[in-house]
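The values are calculated or read from the model by the stated rules, or taken from the named source; none is laboratory data. Everything numeric in this text was worked out from a predicted model, so none of it was measured. FYI the Cβ positions are ideal-geometry reconstructions off the backbone, even for glycines, and counts take in every protein chain you see.
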Number of protein chains: 2
Amino acid sequence: MFGFEVDPWQLRWNELDAEQIPRTESLFALSNGHIGMRGSLEEGEPIGEPGTYLNGLYELRALPYAESGYGYPESGQTIINVTDGKIIRLLVEDEPMDLRYGRTLEHTRTLDLRSGTLRRTTVWESPVGHKVRISTERLVSFTNRAIAAIKYEVEALDDNLKIVIQSDLLANEPIGKFAKDPRLAEMPEAPLVNDFATSRNRWAVLVHHTKMSGLRVAAGMDHEWELPSTGESFVRSEGDLARLTLAAHVPQGRKLSLTKYIGYGWSARRSVPAVRAQVDAALAMAMEVGWDTLLSEQRSYLDDFWRDADVELEGDAELQQAVRFAMFHVLQAGARGEARSIGAKGLTGSGYDGHTFWDTETFVLPVLTYTSPAAAREVLRWRHSTLDKARNRASELGQFGAMFPWRSINGDECSSYWPAGTAAVHITADIAHATAKYLNATHDKEFEAECGLELLVECARLWLSVGHFDGNGRFRIDGITGPDEYTAVVNNNVYTNLMAEQNLRDAAAVCSRNPDLAREFGVTVEEIADWEIRAERIFLPYNETLGVHEQSEEFTQLKEWDFEASKDKYPLLLNYPYFDLYRKQVVKQADLVLALYLRGDAFTPEEKRRNFDYYERITVRDSSLSAWSQGVMAAEVGYLDLAYDYLVETAFTDLHDIHNNVAAGLHIAAMAGTWLGCVAGFGGMRDYDGNITFAPRLPPRITYLSFRMLVGGSKILVAIDGDNTIYRLLFGPPVTLKHHGEEFELDGHPVTLPIPPLTPHEPPAQPIGREPYRRSELR
Amino acid sequence: MFGFEVDPWQLRWNELDAEQIPRTESLFALSNGHIGMRGSLEEGEPIGEPGTYLNGLYELRALPYAESGYGYPESGQTIINVTDGKIIRLLVEDEPMDLRYGRTLEHTRTLDLRSGTLRRTTVWESPVGHKVRISTERLVSFTNRAIAAIKYEVEALDDNLKIVIQSDLLANEPIGKFAKDPRLAEMPEAPLVNDFATSRNRWAVLVHHTKMSGLRVAAGMDHEWELPSTGESFVRSEGDLARLTLAAHVPQGRKLSLTKYIGYGWSARRSVPAVRAQVDAALAMAMEVGWDTLLSEQRSYLDDFWRDADVELEGDAELQQAVRFAMFHVLQAGARGEARSIGAKGLTGSGYDGHTFWDTETFVLPVLTYTSPAAAREVLRWRHSTLDKARNRASELGQFGAMFPWRSINGDECSSYWPAGTAAVHITADIAHATAKYLNATHDKEFEAECGLELLVECARLWLSVGHFDGNGRFRIDGITGPDEYTAVVNNNVYTNLMAEQNLRDAAAVCSRNPDLAREFGVTVEEIADWEIRAERIFLPYNETLGVHEQSEEFTQLKEWDFEASKDKYPLLLNYPYFDLYRKQVVKQADLVLALYLRGDAFTPEEKRRNFDYYERITVRDSSLSAWSQGVMAAEVGYLDLAYDYLVETAFTDLHDIHNNVAAGLHIAAMAGTWLGCVAGFGGMRDYDGNITFAPRLPPRITYLSFRMLVGGSKILVAIDGDNTIYRLLFGPPVTLKHHGEEFELDGHPVTLPIPPLTPHEPPAQPIGREPYRRSELR
């Protein structure tokens, strides 16, 4: 679609279509989880949406209600474009370099997944005929959290040229608007107020604060350069702009080379001198380390990552590329967040206001847990740091325990439509689930004591206030919203009930492991018993006649949706009212099917297939969160081709812009789903209470698949081909696993096990117009 | 509470407490259903909320959404204070007459329910000691729809005085703000733009249009006066103000008397000259008729009304007063609406933005139907005139037939919180119900042909699109909201299902009566059969274990509300989130219990009592719409004291300001409920399919009750005492009635029937803190 070259370790784009620029800015975004920079051109324009983000930094905006209600949040948070340091403007003999003018003879951009840099080569002829080659490379450092750097080189190709370079720090950069879509952000105009500006020699710093939220942010830059001949430089700073100007004579065939180091710091509490000092220090260390070392540290960090997290795949080279691209962005989203969260778009765009939702814990954290556990831990540590807010929110809403926000940057609820926000209480169970999974995979006792137990306990407490026993002794959870946003405020959503049950059991388990600590949090034997009895009696509505579970109580009694009438009206939420969607059997995204995966231990194989078949026919995938889990369950129930299609749809969500909104940022959860589609789908990996099992089976188009993952503190490698699976222990103590139901012990010796044959079944059809995405041509 | 004098035909208030002024403005409001004027003091200040309203005239305002959705209305309508013509300012020797200064020696205001006027006498001593007596009387004419008039007299009590009177027309009058409450209106500031102003001699006209909605409104005034001595007068007009000034010497003991005639006209389509001409003509006729004739016509109109509608009651004089006060305001709300609706507040205040809701059709129209059927017909005619909007709304929301707005002035939906707005589809059944009731009571064939059949048919069609048959052949209506707003978006609300069933049957019946006309609206035999089969198979969820109906499916499975914890937190909606309210067994207002009354034919007596007992314990009456129907059902199941208490609560809703918001306007539906509490409660009147039955039985405190009502085109009088009921036919052909289950024919001879004894039962308790309102002392 975009014409990316297929390459196992790179994403390279040779085209220059101005229409595509907003999309490529997201795809080429660099981030270390703390700083994010969209892949905009150094020269500043043409541009889609400028974007430099700092994790956790936000501006407030009022949430208006024509009819207000008790407990509605009055202000929301939104991510902002901070002082932009990636701008380096170029003048060639007085002509601003701008791809929209003159002629571009060559233009290549390459995201290198091993070097962790974005490279670019442009050969440009100015309107009056001067030719230059611009070569840039940039990184957002994994090893120096506060630092980004850009190497910018200009070569005079056909003449001696007068070249001027302007390297900017620009605050309150104008931002464009996307089409009106409730899912996109409303970015505030000019959110920054200048506190301080200074510059000297090659260096400048700007300090601002946000107007409403009052957060302080400092941005600094320092430079090195090599001039081929004479040149002059000066630096100036004023309010919203600091600029280094470098004017030089570049002889034909020679290069001017500039290295720009950009440092960021922000704080809710520290003073102007303090955040300035922080940025000065970061810049000083970057200058001391230097460009070459930054590059080599970056590569070395990624070497470690790929060693732990790479997924190798044969038979579909483009899919291999997409899988690595996905893992790279999952890493970028979480690598150095350090007690901050991961937004739905990571730090690649302003979509969804930069908020974090349940998909971070449910989809992204498991992937990080099995591959980069420290990053997973930091997200959970952030949730733990917001526990007081979650307890207050529960109390405000008449509940006890913790009630985490549906969408947030700072831990306060930002959802203004409560039926599809605050009512989706499963997010609290999802956070508990991610916590338990992390503890099972890592055996991280320190985190368990510091955060894990308290998180599990406070989450579990919520279910006792939200749920209750009915006259038949069933434990019900009424009036809530499950993952499927085309129903809301329902009773006994199976997904929510099963995840709550898991939370109750995990809380009981962690308290039994840590009785003294549990007592510190006021947990009594009686409370544990209360959790256990509710977990035992959880109500799972089931339709005996159809032989399927109800997504929520009475769901299968609802009117059928007219899929024929809606076949060209996707996504439905933009063409139908909630009033009609909620009343009918139409599913936006995997809900019961997600439960079949996450809580597969609660269903028989026969139930799984019947449920899958029933819900597959009515699931429209108007959310990017859906395809991977449908694919994982398709693989489990034996529809391997369908599973392959869903993996493809997931993996190419952003690369092929399937939802037509990649310009607003990447779908980080779909990136994580790509890994899960490989590992849980074709690897058949399941993790119930920390017991890791596999049931590998490849679809015809994939001839080989291998992946690595953490199991109870040990690391294993799983390599699958059409006939066999080889398991290897990479480090750590021996582990007990299962292969297609058979338990085995994995120690220093590889274990090779055969893949049992599959009885073929005819898969169910999707709603008309919602068949899985398929690439027109396999490469 | 307010210290009104108890009088059978007047509401008189002798106090002057500035705090009470906003409340009395609503209670003393005059209206003919076309023009409404709050009971503010002529001198303009002190004031709560100025208010002169024209039925149907509104301004638009944007409805904001932090998260928007398909089909959400983008603009709302709101009633506005139009050019105020009731201001007559007085200067006594240069001192503006203002009750907040000087001394008020006497101050009496009297709403006279037989003359249809508001009278006032004030004896005021100015700060420098000049004494005057001011006597005023005003009316909004029932017989001259476009006219209001005020007689204003000043008597010099202790000296010869220089008196100046300024009689104003004032547009864009400043308005105060009430406390923040989602149920109150947000009135636009200065909504009017001047088009034209003119004046001559004693006469002036101002023409304006509304800024956003572009509606044109003209206000005019003309005057007559009698001077006791010399005087001077002039009139001026400019933009937003026209003023007649009258300066006179008033000798001690003499009076200056001014009569002001005020005319109004508005139009969405007519030009400035046209609406001006309309007002000029109305004023000319008013001057021609003169004050005394206006007064006598007003009294004569009311004599007719009381002859048809009076309810007499012995044993509780204050209740007698309250019942007549209620009937007077019900009449005022609807008398001359003429193809306009009746807002929840009538034309007495700006609460609820002046919108009309379901309670107009469900509570107000039956009362008008039985007593002033022409007024009921006009409201239904208005609904009929908005059918195209209702069909378009249905289509926008993916339905067919008509889908009437939850709240509106002009027929377009103004509800911005759809779960308690658009989802409350019962309003469409309620409109159908009111239509059928009107047709049954009046046998108005002309209306049936012009509007009634089409209304019933288009409403019935909605149920085929909103409902469906489930696997068990039950006709379900899912994902809607019933009358109780503490649950929303539920399945199979019994009230909604029964009202829809009635609509389906009534549509089938009216089409059978008018086969040719039905064909014109595309009704086929098959369609009628479709309606009938759905009516037969309507699903009414029932809990076998408890032996009660479910308010909506699974309602009795929900968690119990903790009434002890909420006992001082009423109304709950201001202290608890919908999230918590919706999930629990707590009922804002009669829902199933209302169905027990309106569709009592669908329940056995035993079911009624069990249902009443169950829901009584969990109904908190956070709505003024609830008490009367609880009282009516309490009477039916045999709790006569409780029924009395609920009638009292209903009747004093506004007189005692029980909901603490009478300042924003009267609760017209509670006024109507007062009549229903007498007639359906203690008269036991039921109307199923036009078959009128009675089961009279008085509570101990009421010794005698009589009422009049229309039955199938005839008029009857029912008079009840402790032992017997006397039925009389007042006019029209003989009618067949039932008395406590026994059928009898009523012709020219009165029929006296004994009241069977009642087996006493212990009534259920209400939630703590929500016992019925009881007056501290009976007068």
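Assorted remarks:
- Verdict on B:L244 being buried (at least 17 other Cβ atoms within 10 Å of the Cβ), closer than 30 Å to B:N194 by Cα and in contact with a His (Cβ under 6 Å, 6 or more places away or on another chain): yes
- Restricting the range B:543-552 to residues that are out of contact with any strand residue (DSSP E or B) (no Cβ under 9 Å at 6 or more places or on another chain) and more than 10 Å from chain A (Cβ to nearest Cβ), the residue that is surrounded by the most Cβ atoms within 10 Å (Cβ to Cβ): B:G547
- Exactly one residue out of A:G677, A:G631, A:G638, A:G681 is within 16 Å of A:A595 (Cβ to Cβ) and either touching a residue at least 12 places away in the same chain (Cβ under 8 Å) or β-branched (V, I, T) (or both), and it is A:G631.
- Tally, over the range B:225-245, of residues that are under 17 Å from B:L206 (Cβ atoms) and touching a Leu at 6+ places or on another chain (Cβ under 7 Å): 5
- Set A:E5, A:E25: member being more than 30 Å from B:Y576 (Cα to Cα), of a type in the set (D, E), more than 14 Å from chain B (Cβ to nearest Cβ) and in contact with a strand residue (DSSP E or B) (Cβ under 7 Å, 6 or more places away or on another chain): A:E5
- Output for the range A:1-27, where each listed residue is under 30 Å from A:V92 (Cβ atoms) and in contact with a Lys or Arg (Cβ under 6 Å, 6 or more places away or on another chain): A:E5, A:W13, A:E25
- The residue that is surrounded by the most Cβ atoms within 10 Å (Cβ to Cβ), counting only those in the range A:553-565 that are touching a residue at least 12 places away in the same chain (Cβ under 8 Å), assigned to a loop (DSSP other than H, G, I, E, B) and more than 7 Å from chain B (Cβ to nearest Cβ), is A:W561.
- Answer residue from the range B:206-244, given it is charged (D, E, K, R) and either outside the structural domain of B:S257 (by TED's automatic domain parsing) or out of contact with any helix residue (DSSP H, G or I) (no Cβ under 6 Å at 6 or more places or on another chain) (or both) and is farthest from B:K260 (Cα to Cα) among those: B:K211
- Residue ID - nearest to the chain's Cα centre (by Cα), chosen from residues in the range A:248-267 that are of a type in the set (D, E, K, R) and over 30 Å from A:L215 (Cβ atoms): A:K255
- Exactly one residue among B:L676, B:L698 is assigned to a helix (DSSP H, G or I), at pLDDT 95 or above, buried (at least 18 other Cβ atoms within 10 Å of the Cβ) and not small (G, A, S), and that residue is B:L676.
- Summed over the range B:482-496, the residues that are within 14 Å of chain A (Cβ to nearest Cβ) and in contact with a Leu (Cβ under 6 Å, 6 or more places away or on another chain) give a count of 1.
- Scanning the range B:567-584 for residues that are outside any helix (DSSP H, G or I), within 9 Å of chain A (Cβ to nearest Cβ) and more than 12 Å from B:T487 (Cβ to Cβ) turns up B:N575, B:Y576, B:P577.
- Matching entry among B:I755, B:I768, B:I720 (being within 29 Å of B:T619 (Cβ to Cβ), surrounded by 14 or more Cβ atoms within 10 Å (Cβ to Cβ), of a type in the set (A, V, I, L, M, F, W, C) and not assigned by TED's automatic domain parsing to the domain that holds B:T650): B:I755
- If you go through the range A:714-770 and pick out every residue that is in contact with an Asp or Glu (Cβ under 7 Å, 6 or more places away or on another chain), in a loop (DSSP other than H, G, I, E, B) and among the hydroxyl-bearing types (S, T, Y), you end up with 0.
- In the range A:585-597, the residue that is farthest from A:G681 (Cα to Cα) out of those that are within 14 Å of another protein chain (Cβ to nearest Cβ) and in a loop (DSSP other than H, G, I, E, B) is A:V586.
- Positions within the range A:444-481 being under 26 Å from the mean Cα position of the chain (by Cα) and within 14 Å of another protein chain (Cβ to nearest Cβ), in sequence order: A:I480, A:T481
- Answer residue from the range B:389-403, given it is more than 14 Å from every other protein chain (Cβ to nearest Cβ) and buried (at least 24 other Cβ atoms within 10 Å of the Cβ) and is farthest from A:S416 (Cα to Cα) among those: B:A402
Here's the yes/no breakdown for (1) under 27 Å from A:E378 (Cα atoms); (2) among the polar types (S, T, N, Q):
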residue	(1), (2)
A:I262	yes, no
A:W266	yes, no
A:W291	no, no
A:L302	yes, no
A:D308	yes, no
A:Q320	no, yes
A:A326	yes, no
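- Any helices (runs of 4 or more DSSP H) falling wholly within the range B:427-522 and containing at least 3 residues that are in contact (Cβ under 8 Å) with a residue 24 or more places away in the chain: B:453-466, B:494-513
- Test: residue in the range B:515-536 that is hydrophobic (A, V, I, L, M, F, W, C) and under 32 Å from the mean Cα position of the chain (by Cα): yes
- Selection within the range A:60-97 - within 32 Å of the chain's Cα centre (by Cα), charged (D, E, K, R), more than 14 Å from every other protein chain (Cβ to nearest Cβ) and part of a loop (DSSP other than H, G, I, E, B): A:K86
- Every condition in (1) without any contact (Cβ under 8 Å) to a residue 40 or more places away in the chain; (2) buried (at least 17 other Cβ atoms within 10 Å of the Cβ) is met by A:S296 except one, and the failing one is (2).
- Some residue of the range A:516-533 being of a type in the set (F, W, Y), surrounded by 22 or more Cβ atoms within 10 Å (Cβ to Cβ) and either away from chain B (no Cβ under 14 Å) or within 22 Å of A:L464 (Cα to Cα) (or both): yes
- Filtering the range A:414-432 to residues that are within 20 Å of the chain's Cα centre (by Cα) and surrounded by fewer than 24 Cβ atoms within 10 Å (Cβ to Cβ) leaves A:S415, A:G421.
- Unique residue being under 19 Å from A:S267 (Cα atoms), touching a Lys or Arg at 6+ places or on another chain (Cβ under 9 Å) and assigned to a loop (DSSP other than H, G, I, E, B) when the list is A:G48, A:G39, A:G33: A:G33
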